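The values are calculated or read from the model by the stated rules, or taken from the named source; none is laboratory data. Remember, it's a predicted structure, so these values are computed and weren't measured experimentally. Positions of Cβ are generated from backbone atoms using ideal geometry, with glycine treated the same way; all protein chains shown enter the neighbour counts.
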């Protein structure tokens with residue numbers, strides 16, 4: 001009896017082990033079924049099919065986007081070319097309108113002459129930016145064009161753009177191409193900065209560079225009067241009135257200088273001459289009173 005019980009126990013244990021093994025390896029054992037093998041293969045094929053479809057769809061979408069991108073790029077390039085051509089035509093038209101004499105100036109020399117003429121006209125009209133562009137164009141054609149530098153310097157000076165004016169004038173001085181206007185410009189800049197010694201030296205150079213110009217003598221005389229040095233001013237004020245004897249302005253400057261010097265004889269002589277050139281009773285009365293004050 002005990003033997004039978006032991007046999008039953010061993011059998012039960014054996015079945016338990018077999019059941020455990022089967023349960024642990026059920027997936028592998030399932031594959032041994034021909035029907036399950038077919039289902040797994042169909043599932044695998046479906047997976048591969050879907051994967052290929054997704055790949056194809058993605059590829060088609062990518063190709064579509066690539067075609068769309070190429071089309072956009074092509075249209076953009078064509079639009080850019082059309083816009084560029086239109087702007088070029090506008091620019092050509094603008095240049096023709098802006099420079100109506102361009103067709104009449106085929107040579108570089110004539111082109112420069114035209115640009116300088118236009119610049120002077122624009123400066124008179126206070127159109128600084130347009131004048132500057134033309135002058136810079138002149139210098140791009142010929143960097144030795146002194147008139148362009150001089151016009152630029154004086155234009156900057158009129159605008160109180162002293163750093164630009166100084167740079168232009170100093171370039172002319174360094175290249176030994178400075179004239180009376182160059183030195184006068186440097187004098188104005190120096191005076192505005194309070195450098196009166198430099199201003200005086202530049203005004204003297206302006207007179208020396210153009211001794212026949214009465215306004216250069218008058219500028220130096222006015223500078224000395226302002227600096228309360230009528231004894232220095234007298235020579236230049238007198239010379240300015242001599243160079244242009246019909247000018248009431250220069251004669252009045254010399255009269256003012258003579259009064260400041262206390263020279264009664266010169267003052268009365270110039271006062272009498274001035275009355276023949278001008279008609280300003282109030283101003284004449286002022287000069288007369290000052291002359292009589294000298295006599296007393």
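Suppose the filter is in the same structural domain as residue 184 (by TED's automatic domain parsing) and either under 23 Å from residue 181 (Cβ atoms) or over 45 Å from the mean Cα position of the chain (by Cα) (or both); does residue 203 pass it?
Working: in the same structural domain as residue 184 (by TED's automatic domain parsing): yes; either under 23 Å from residue 181 (Cβ atoms) or over 45 Å from the mean Cα position of the chain (by Cα) (or both): yes.
Here the answer is yes, as residue 203 does meet what is asked.
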What number of residues within the stretch 89-135 satisfy the criterion of being in contact with a helix residue (DSSP H, G or I) (Cβ under 8 Å, 6 or more places away or on another chain) and either surrounded by 13 or more Cβ atoms within 10 Å (Cβ to Cβ) or at pLDDT 90 or above (or both)?
21
Checking residue 225 against (1) modelled with pLDDT of 95 or more; (2) at positive phi: exactly one of these is not met. Which one?
(2)
Scan the stretch 206-238 residue by residue and report those that are over 44 Å from the mean Cα position of the chain (by Cα) and crowded, with 18+ Cβ neighbours inside 10 Å.
230, 234, 238
Tally the residues that are over 20 Å from residue 137 (Cα atoms) and touching a helix residue (DSSP H, G or I) at 6+ places or on another chain (Cβ under 8 Å), restricting the search to the stretch 161-176.
4
Among the residues of the stretch 223-231, is any within 27 Å of residue 151 (Cβ to Cβ) and in the same structural domain as residue 294 (by TED's automatic domain parsing)?
yes
Listed by first then second residue, the pairs whose first member lies in the stretch 163-182 and is touching a residue at least 24 places away in the same chain (Cβ under 8 Å), whose partner is not in a helix (DSSP H, G or I), with beta carbons under 8 Å and at least 6 positions apart or on separate chains, are 172/178; 172/179; 179/210; 180/210; 180/213
Criterion violated by residue 193 - all others in (1) in the same structural domain as residue 159 (by TED's automatic domain parsing); (2) modelled with pLDDT under 95; (3) crowded, with 19+ Cβ neighbours inside 10 Å satisfied:
(3)
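I need the full set of residues from the stretch 143-157 which are surrounded by 13 or more Cβ atoms within 10 Å (Cβ to Cβ) and assigned to a loop (DSSP other than H, G, I, E, B), in order please.
Pass one, the stretch 143-157, residues surrounded by 13 or more Cβ atoms within 10 Å (Cβ to Cβ): 145-157.
Selection gives 145 alone.
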The lone exception for residue 246 - which of (1) assigned to a helix (DSSP H, G or I); (2) in contact (Cβ under 8 Å) with a residue 24 or more places away in the chain it fails:
(1)
